[in-house]
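Notes follow once the structure below has been shown.
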Amino acid sequence: MTSRATFGDCANAASGQLARALSLAESPTMRTAYSAEFRRELSHVLSAMERYFDDFTIPALNKRRGLRLSDSRWSFAVRQGRRQLHEAAVLLKPDSDDRFAIHPRRPASPVGDCLRSASAAMAAGRDLLHTHLTVNDRRIAVGRSEWAPVITSAPASAALLLGLGRWARLLDASGSHFVRATAASQLQNSGAPQDLDGHQRLRAACESLREVSRIISSAHREMPVATSDLALLYAIPVNAPPARRLPAERDTRADLRQGAISSAERVRRAARISAPDARWAPELTAAAMREGAASATAISHHCAILLRTVATRAAELGNPARKDELTRSAEAAENARDSWLTASRSWNQFAAEGNAELSPLAAETADLAQWTERLAYADGAWSLSQGEARPVRPPESLAPELDDVREIVAVTHHAAHTLSRLAVDSDHQIRQAAEAGRFYMPSRTSSDGISNWRPFVHAPPAQLDNVLGVYKDARHASDQLTDAIADSAAALSSSSTTITAARSATRRKGPPNPEAAPDDDRMAPANRLPRTGMPGHFELILSHLGQTDPEALKRAAAIDHLGEQLLTDTTRIAKPTDLAVDMYDSIRELGVAERARTQPAPNPRRTIGERERTRPMEAEAEL
Amino acid sequence: MELIATALARLEGATGLAEIFSTACDAFELMLPVIEEQQDPAGGAFTSFVIAATYAANGRDALLFAPSLPAGAAHRTPPATQASTIDVAIELTRLCRLVDTRLTHAAALAADQADALACAQARRQASRLVSLLTGLTGP
């Protein structure tokens, strides 16, 4: 889909090198001559794998960073796998290069070269995942992109463990060849064993690797990792936004599609970045919100046109079932358009100081409207002098083949997903900016009928509540559009199915869990992440008390999940940075049970107008 | 269309900074319902008029923060125009050009920096509207 490196590129490279190392290890010459080198390079590979395990959070060990796995089977796999891998690494430590060596030895053998390349690929893969995360001064991992919740989700974590298990199996197989070869050589020579210590350590390390593979395989058998979750993990790109570009005359259809998808990603990124600064950011004005909603109206309008066009084309290509599906998606796009138009018009009654043209989010959203317009319409130079109806791109021109239908569906899927995120982040921005008193209404159009020497008044809370209601409708319509297109994307095996997988992964607490996470995939700002998959209060207490019964831990997790759901529903009504909610978050984070029980819950019936204008505590999320 | 003609006349006849601000602000305010009436999803100019409404509202907002804007009632009434989309676009373009011209004059009169800034920002929005609408009407 894009030219950016993905985690799958690194993981596949590592797996390929390990597989090649295994085939080389079958050579008798290789085994006898390079046993020491094999151990040395294996130690480097184990170091790289250990760092992956360090990223997992284990409830029983009460770590507060990295990835979390709420299912006890996978938690056990992390705990025991980490221990076994560490034992193997310790066994091979005498063989490793000095970590501070200025000129580390290059491998002399092909098998050593393969292991060195594998460890480099593993390290690159981990670094790639970490481009989406950062660690704050309290050693808590914080997301830096929309992929962060996916990376730290239980399904993606389990998929990563599965990959580690496969690597362990390949390494065990290679190492076992060296172990057997050395043993056979000693039997033949029947003299003093050469490098007996190294041989024994390698054998023990291979046993540990075998155990790692077995533990992870066992977890996978009992709680299987879905293929879609593995595909999602492998699809995670490096956190480098695509360059900003506007459509050019010479762009081909493929260029326009890719441009639209890249632009959609830029919009989501801009929305995410701007969300935390809504209180004070000068570029966040009623004008910027107005322009953003207007562009969203245009985007959904263009998506409706694109979907109707490909619906017609699907029927022409002999796929009538897709036509009905895509037509329904087009209708959903029209509903979304109407909702966003209402949102855009709702800002006409407000005013705000500041310059909308400073808003990166408004600019990026306008760009996406341009990209989708170029795809939807046949003639970029159309004017009203040619008639009131603007010709859309003919179906056979927009999508000559079924592959093109698939790609257009992917474009609309990305655009719809972007509209959903835009609605969520706009809601947050409006609340924040409203609390800071940044919205005004022109008194010339004020409905109170009172003559006022000021040309504007502070926007009444009731009016802002109306706007929030309108955005809620826009979000709902955009979500429905995304879901409608998701069905077509899945049926066509479109590249955008990762969107559906990502939304599903961040809702689930573990590999196939019928009890879905709260229906709130609100895209968190960079300093607040969704809490799906996080071990809760009761689960932690049971783990600390030494409870290992999976059923008991499951029951505790269910109780914590219901509590989180109640809290989420309540904070939807209260402001996200409500002081009481922040205190509750902090108390949970510190794991102080008694104080958590005595803290008052946030007022569930407060609206913007009823809130106290208090300065909230800085919100920090943990993974 | 009569409303646009009235706004044109008021703007042309405005003298002094306060009156120019007032009539220009009213012109932007009046554009909104005219533009909204043209926001027909079935029409080819739908998205252009959606965007145009934002520019008109932005222009009004810019003038609202001008210290020299006098208090007064808004002149906003819903239109019931029978004119074609292209005619509406042409008339709106005329109005925006006049707003731009009068605000240029007002900027020369403005002693307050805030008034000058309001002029510049409102002119920018009028200019964006002219660009959008002339692209819509074609050569």
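The values are calculated or read from the model by the stated rules, or taken from the named source; none is laboratory data. The structure presented is a predicted model; accordingly, all values stated were derived computationally and were not measured. Every residue, glycine among them, receives a Cβ derived from its backbone with ideal geometry; neighbour counts consider all protein chains shown. Areas reflect the complete protein model, heavy atoms only, side chains present, ligands, DNA and RNA absent. Shrake-Rupley method; radii C 1.70, N 1.55, O 1.52, S 1.80 Å.
Quick check on B:F46: is it more than 21 Å from A:R345 (Cβ to Cβ), open to solvent by less than 20 Å² (accessible area, probe 1.4 Å) and either at pLDDT 90 or above or more than 9 Å from chain A (Cβ to nearest Cβ) (or both)? Give the steps one after another, and end with the answer.
Values: more than 21 Å from A:R345 (Cβ to Cβ): no; open to solvent by less than 20 Å² (accessible area, probe 1.4 Å): yes; either at pLDDT 90 or above or more than 9 Å from chain A (Cβ to nearest Cβ) (or both): yes.
When the stated conditions are applied, B:F46 does not pass them.
In the set B:A27, B:A53, B:A7, which member is more than 12 Å from chain A (Cβ to nearest Cβ), touching an Asp or Glu at 6+ places or on another chain (Cβ under 9 Å) and touching a residue at least 12 places away in the same chain (Cβ under 8 Å)?
Details: B:A27 fails: touching an Asp or Glu at 6+ places or on another chain (Cβ under 9 Å); B:A53 fails: more than 12 Å from chain A (Cβ to nearest Cβ).
Residue meeting the stated conditions: B:A7.
Out of segment A:118-171, which residues are outside any helix (DSSP H, G or I) and touching a Lys or Arg at 6+ places or on another chain (Cβ under 8 Å)?
Result: A:T131, A:H132, A:L133, A:T134, A:V135, A:R139, A:I140, A:A141, A:S145, A:E146, A:T152, A:S153.
I'd like the full set of residues that are among the hydrophobic types (A, V, I, L, M, F, W, C) and touching an Asp or Glu at 6+ places or on another chain (Cβ under 9 Å), limited to segment A:244-260.
Scanning segment A:244-260 gives A:L246, A:A248, A:A254.
One line per residue, one yes/no per condition, for (1) over 17 Å from A:G8 (Cβ atoms); (2) modelled with pLDDT under 90; (3) open to solvent by 10 Å² or more (accessible area, probe 1.4 Å):
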{"position": "A:F76", "(1), (2), (3)": "yes, yes, yes"}
{"position": "A:R82", "(1), (2), (3)": "yes, no, yes"}
{"position": "A:L85", "(1), (2), (3)": "yes, no, no"}
{"position": "A:A88", "(1), (2), (3)": "yes, no, no"}
{"position": "A:L91", "(1), (2), (3)": "yes, yes, yes"}
{"position": "A:H103", "(1), (2), (3)": "yes, yes, yes"}
{"position": "A:A124", "(1), (2), (3)": "no, no, yes"}
{"position": "A:V135", "(1), (2), (3)": "yes, yes, yes"}
{"position": "A:V142", "(1), (2), (3)": "yes, yes, yes"}
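Assuming B:S84 fulfils every condition listed in (1) away from chain A (no Cβ under 14 Å); (2) surrounded by fewer than 18 Cβ atoms within 10 Å (Cβ to Cβ); (3) within 28 Å of B:E37 (Cβ to Cβ) apart from one, which condition is it?
That leaves (1) as the condition not met.
Specify which of the listed residues (B:E36, B:E19) is surrounded by fewer than 21 Cβ atoms within 10 Å (Cβ to Cβ), at pLDDT 90 or above and under 14 Å from B:V88 (Cβ atoms).
The unique qualifying residue is B:E36.
When you scan segment B:121-136, how many residues do you find that are farther than 15 Å from B:I51 by Cβ and open to solvent by less than 80 Å² (accessible area, probe 1.4 Å)?
Within segment B:121-136, the subset farther than 15 Å from B:I51 by Cβ is B:121-123.
With the extra rule that they be open to solvent by less than 80 Å² (accessible area, probe 1.4 Å), the set shrinks to B:121-122.
Of the residues in segment B:121-136, 2 are farther than 15 Å from B:I51 by Cβ and open to solvent by less than 80 Å² (accessible area, probe 1.4 Å).
Could you name every one of the helices (runs of 4 or more DSSP H) located completely within segment A:314-429 that has at least 1 residues being free of Cβ contacts under 8 Å to residues at least 60 places away in the same chain, within 11 Å of chain B (Cβ to nearest Cβ) and of a type outside the set (S, T, N, Q)? Please lay out each step first, then the result.
Details: elements: A:320-346, A:360-376, A:395-398.
In segment A:314-429, the matching helices (runs of 4 or more DSSP H) lie at A:320-346.
Which residues, taken from segment A:232-263, are open to solvent by less than 60 Å² (accessible area, probe 1.4 Å), more than 12 Å from A:Q370 (Cβ to Cβ) and of a type in the set (A, V, I, L, M, F, W, C)?
Listed by number, the residues that qualify are A:L232, A:L233, A:A235, A:I236, A:V238, A:A240, A:A254, A:I261.
List the number of the failed condition for A:A298; all other conditions in (1) at pLDDT below 95; (2) open to solvent by less than 10 Å² (accessible area, probe 1.4 Å); (3) within 14 Å of another protein chain (Cβ to nearest Cβ) hold.
Of everything listed in (1) at pLDDT below 95; (2) open to solvent by less than 10 Å² (accessible area, probe 1.4 Å); (3) within 14 Å of another protein chain (Cβ to nearest Cβ), A:A298 misses just condition (1).
Given the options A:A204, A:A219, A:A243, A:A231, name the one that is within 21 Å of the chain's Cα centre (by Cα) and either assigned to a helix (DSSP H, G or I) or at pLDDT below 90 (or both).
Going through A:A204, A:A219, A:A243, A:A231 in turn, just one is within 21 Å of the chain's Cα centre (by Cα) and either assigned to a helix (DSSP H, G or I) or at pLDDT below 90 (or both): A:A231.
Those residues that are under 12 Å from B:F21 (Cα atoms) and touching a Pro at 6+ places or on another chain (Cβ under 8 Å), I need them from segment B:81-117; list them, please.
Within segment B:81-117, B:D115 is the sole residue that qualifies.
Which number in (1) outside any helix (DSSP H, G or I); (2) more than 8 Å from chain A (Cβ to nearest Cβ) marks the one condition that B:L63 misses?
That leaves (1) as the condition not met.
Taking segment B:95-120 on its own, how many of its residues are within 13 Å of chain A (Cβ to nearest Cβ) and either buried (at least 23 other Cβ atoms within 10 Å of the Cβ) or touching a Cys at 6+ places or on another chain (Cβ under 6 Å) (or both)?
The total comes to 1.
Give the residue that is modelled with the lowest pLDDT, with candidates limited to residues of segment A:430-443 that are assigned to a loop (DSSP other than H, G, I, E, B) and out of contact with any Gly (no Cβ under 9 Å at 6 or more places or on another chain).
We begin by selecting, within segment A:430-443, every residue assigned to a loop (DSSP other than H, G, I, E, B); these are A:436-439, A:443.
Okay, now just the ones that are also out of contact with any Gly (no Cβ under 9 Å at 6 or more places or on another chain), so A:436-437, A:439, A:443.
Details: A:A436: 83, A:G437: 81, A:F439: 83, A:S443: 70.
So, considering only residues that are assigned to a loop (DSSP other than H, G, I, E, B) and out of contact with any Gly (no Cβ under 9 Å at 6 or more places or on another chain), the one modelled with the lowest pLDDT is A:S443.
If B:A7 satisfies every condition in (1) more than 11 Å from the chain's Cα centre (by Cα); (2) modelled with pLDDT under 90 but one, which is the exception?
All conditions are met except number (1).
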